[in-house]
Amino acid sequence: MSLKHWAYALAAATVLSLPAIPAAQAEDSIYVPLFTYRTGPFAGSGTPIADGMHDYLTMLNERDGGIGGVKLVIEECETGYDTKKGLECYESVKPKHPVMVNPWSTGITLPLIPKAAVDKIPVLSMAYGLSASAKGDIFPWVFNPPATYWDGFTQILKYIAAQEGGGVEKLKGKKIGYIFLDASFGREPLPLIESLSKELGFEAKLYPVAAADMQNQSSQWLNVRRDRPDYMILYGWGALNSTAVKEAVKTNYPMEKFISIWWPSEDDARGGGDKATGFKTLNWHAVGANFPLIADIQKYVVDKGKSQVSSKDKVGQVLYNRGVYNSMLIAEAIRTAQKVSGHKVVTGEDVRRGLEDLNIDAARYKEMGLENFAGPVKLTCADHNGHFSTFIQRWDGKQYVKVSDYITPMTDKVEPLLEADAKAYAEKNAPWPKRTEPCDKAS
Amino acid sequence: MTLLYSIFVDPFVQMVQMPDLLAQTLWEGLVSGVLYALIALGFVLIFKASGVFNFAQGIMVVFSGLTLVGLYEKFAAAGFSGPLAAFTALALAVLVMLILAMVIERTVLRPLVNQPDIILFMATFGVTYLLIGFGEMVFGGDPKQMITDQLFLPRGAYDVAMLGGHVSFQKIDIAATVIASLMIAGLAIFFQKTRIGRALRAVADSHKAALSVGISLNQIWVIVWFAAGVVALVTGIMWGARSDVSFALQIVALKAFPVLILGGFTSVPGAIVGGLIIGIGEKLGEFYWGPLVGGGIESWLAYVIALLFLLYRPQGLFGDKIIERI
């Protein structure tokens, strides 16, 4: 090949490798990438969430022409729940000026935390990720409402204590099993468990499940049979949840005493058959499609063939509504950002302020067509989580039914630990930048 | 001292004190081992006949299971459900595995014949990702419930009071063990007693010698890949009935690697014995020794067991002895 040919080839390669000019860079749109996983071992959990997120934002475009008259550019990036692919997604969306990212994986969230402040892209890790990132003074660019994994664990403990007929003192002498995905997500509450088991006097039995053994848990459940925990707590994801329910049934573990964090779906419980009745999970929002806003999703998105849901009855299921909730936070943050910044086409910096000033009360839920869908959300400059209440829902063989009042987390126990953990994180990652972003009056 | 007691004494005390749990652990290990053996068998069949290490065997388990359940769902959506629909879907899934074998032979193996083994190995990587993408495109990424009842596979368990406690035998596990054993026996008879079986063994011994006596390599490859596909389908049904049919099963299939290291890449009995040793070994290890290190040792213990065997028999338990002239 001559020098001239080499020059042509180089020029052609350069042109081809230039990123396409994204629509988001246009003046009249807001770029919202969604990190999703519709493929791979965790697709069972990832697909309904992706559908809910995508459909809500699409509905806003179709019904309202976007937010505040500005169209949203929605783009999914498939991570396969793989941290490496998630980081590739982040790098690919970064030049398009996203107003925020939603990693949908604790493993992907953790490496994005230090990048967020540098790239000025807020990270919304809704009820997952690093629990300590709730501390807005140390993590001004990371948000994890409405509750952390640590809050969730204490809420389950409080429910267990209530089942035993009293307060947390009833946990003393109890044996509580914790079966979890042996990854960043499942290991997140381990420091809390270690601390609380000493303080409250319960014995914690740990049953880690490697991702490779999600569908091969018989060893863990043999250990459960030997140890006979009084209660079992599950922090699973993907195929781990459905297999855990089946194994619990197989082991004859009393399902009424098997309680999960907020991730299992209807299909996860259904796979256990009739004997899975009684399985419980935390939740903070309604299930079902009986809300005007979800009717609009049906009308403007699903009925028009603009959704990827495999069947219409998936709309309103627990993880679909979880995706809807996530996109509601995205949309409300953008709306608030438009208000506080005065810009129609907001930037990541504006949306960070929008998240800090987020205030979704009952009146706003009603206005959106989501009356009684979930509890109020109010974030502040210092508190990026809110540590809101959740409730227990019980699988009745056909659907999840709410069976408890709202349960507050053990803030008195979690707060000092979160504070210490946030400081430890900053020290470990020194020099961790001091917060320079001013707080709005509203927050 | 306490640590030594925990490692060398306490587990055995537990085995004596709670023999029912020991029996349960052995049973769980046996069932896992049989299923690992089935997956490993798929690898061995192809390796013996074509010298290809088929990395796609794991995804073939998922793809065949998804094809079965996906076809049934499509029938059910059209109003055709029940056992007849399930067995029609099963027959079609077998047919799909035959077509897959023919396509792979025609588009992958034949053009790459006489290429170095590593090229063929990499080609099976390509087949893996193609099947993942194709499976997700046609059937979606959602986990699917195996059509257990429609295929007349049993549910429930026999709880047997024994050894001072009880041992639970899941009916689906018993069925999996019986079906896998019958399948292995059937394959053994096929290899030993039939004309095609003998031709397969001839190809395994020497491609050139087999060609010289008129055996069609292409035909043999199709048969072998089809047999591996059927084995994958049976594994997909059995494992899918125990949990779900999802792409996570592909990871479970990786457990066949230590089985192959242990049993040898060319030995059917090796795959069976290797599967049982790995299955029972990892369950015993996780149950009795896992708690010492916080659990979760099962995922790597299988490889440790295999490596320990390798130190003494690099060719595996039943693999052909490596003799090289220097």
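The values are calculated or read from the model by the stated rules, or taken from the named source; none is laboratory data. Quick caveat: nothing in here was measured; it's all calculated off a predicted structure. Cβ: placed from backbone, ideal geometry, glycine included. Neighbour counts: every protein chain shown. Remember, those area values only see protein heavy atoms, side chains included, never the ligands or the DNA or RNA. Shrake-Rupley method; radii C 1.70, N 1.55, O 1.52, S 1.80 Å.
Brief remarks on what is shown
- In this structure, the amide hydrogen of A:Ser260, modeled 1.01 Å from its nitrogen in the peptide plane, lies closer than 5 angstrom to those of A:Leu234, A:Lys280, A:Thr281, A:Leu282, counting only residues at least 5 positions away or on a different chain.
- Qualifying aspartates and glutamates (Cα of each under 13 Å from Cα of A:Lys205; at least 8 residues distant if same chain): A:Glu194, A:Asp227, A:Asp230
- Under 23 Å of direct C-alpha separation, and excluding same-chain neighbours fewer than eight residues apart, A:Lys299 reaches these lysines: A:Lys71, A:Lys312, A:Lys314, A:Lys366.
- Accessible area, probe 1.4 Å, largest first, for residues A:Arg225, A:Arg394, B:Arg313: B:Arg313, A:Arg394, A:Arg225
- Along each principal axis, Cα extent of chain B, largest first, Å: 68, 64, 36
- Inter-site label distance for B:Phe80 and A:Asp405 at 7 Å from Cα along Cβ, in nm: 5.7
- Relative to the current alpha-carbon distance between A:Glu427 and A:Glu203, full extension at 0.36 nm per residue lengthens the span by 77.5 nm.
- Chain A - percent relative contact order, Cα under 8 Å, separation 6 or more: 19
- Rolling a 1.4 Å probe over the heavy atoms of the protein chains gives chain A an accessible area of 38 Å² per residue.
- For the stretch A:276-389, the relative contact order is 25 percent, taking Cα pairs closer than 8 Å that sit 6 or more residues apart in sequence and dividing their mean separation by the residue count.
- Compactness of the protein assembly as shown - radius of gyration and Dmax, Cα, Å: 27.9, 89
- Shown for the stretch A:163-256 is the translational diffusion coefficient from the Stokes-Einstein equation, using the Kirkwood radius over Cα pairs, a temperature of 10 °C and a viscosity of 1.306 mPa s: 116 µm²/s.
- Of A:Lys175/B:Lys255; A:Lys250/A:Lys398; A:Lys85/B:Lys255; A:Lys84/B:Lys74, those spanning more than 28 Å from alpha-carbon to alpha-carbon: A:Lys175/B:Lys255; A:Lys84/B:Lys74
- Long hydrophobic helices in chain B: the complete DSSP H runs spanning 20 Å or more by Cα along their own axis with mean Kyte-Doolittle hydropathy of at least 1.0 are B:19-50, B:57-77, B:83-104, B:117-139, B:171-193, B:217-242, B:268-284, B:298-312.
- A:His343 - accessible surface, heavy atoms, 1.4 Å probe, Å² rounded to 10: 90
- Listed residue pairs exceeding 25 Å between alpha carbons, taken from A:Lys120/A:Lys378; A:Lys172/A:Lys246; A:Lys94/A:Lys423; A:Lys96/A:Lys344; A:Lys94/A:Lys434; A:Lys306/A:Lys339: A:Lys172/A:Lys246; A:Lys94/A:Lys423; A:Lys306/A:Lys339
- Only helices enter the 222 nm calculation for chain A: every DSSP H run of n ≥ 4 contributes -39,500 (n - 2.57), and dividing by all residues gives -13000 deg cm²/dmol, rounded to 500.
- Restricting the calculation to Cα atoms, the stretch B:118-212 shows an Rg/Rh of 1.15 when the hydrodynamic-style radius is the Kirkwood one.
- Residues whose placed amide H lies under 5 Å from that of A:Asp182, excluding near-sequence neighbours: A:Val209, A:Ala210, A:Ala211
- The fraction of Cα-Cα pairs per 10 angstrom bin, counted from 0 for the stretch B:1-156, comes to 9, 27, 26, 18, 14, 6, 0 percent, rounded to whole percents.
- Backbone geometry of the stretch A:401-408 corresponds, through the Karplus equation with coefficients 6.51, -1.76 and 1.60 at θ = phi - 60°, to 3J(HN,Hα) couplings of 10, 5, 10, 9, 6, 5, 10, 7 Hz, x marking Gly and Pro.
- The candidates B:Ser81, A:Ser133, arranged from most to least accessible area with a 1.4 Å probe in the full protein assembly, appear as B:Ser81, A:Ser133.
- Gap separating the Cα centres of the stretch B:235-313 and the stretch A:69-132, nearest whole Å: 36
- Among the listed pairs A:Lys115/A:Lys428; A:Lys174/A:Lys275; A:Lys158/A:Lys402, those with a Cα-Cα distance over 21 Å are A:Lys174/A:Lys275.
- Note on the protein assembly as shown: antiparallel DSSP beta bridges, both residues inside, total approximately 40 percent of the bridges counted.
- Averaged over residues, the count of other Cβ atoms within 10 Å places the peptides A:84-90, B:177-183, B:265-271 in the sequence B:265-271, A:84-90, B:177-183, highest first.
- Only Cα pairs under 8 Å and 6+ residues apart enter the sum, and on that basis the relative contact order of the stretch A:218-267 stands at 48 percent.
- Using a probe of 1.4 Å on the protein chains alone, the accessible area found for B:Phe190 is around 60 Å².
- Kyte-Doolittle at least -0.5, axis length at least 27 Å by Cα - qualifying DSSP helices, chain A: A:318-341
- Amide H partners (placed H, <5 Å) of A:Ile67, local residues excluded: A:Leu72
- Spatial separation of Cα centroids for the stretch A:322-351 and the stretch A:167-233, in angstrom: 38
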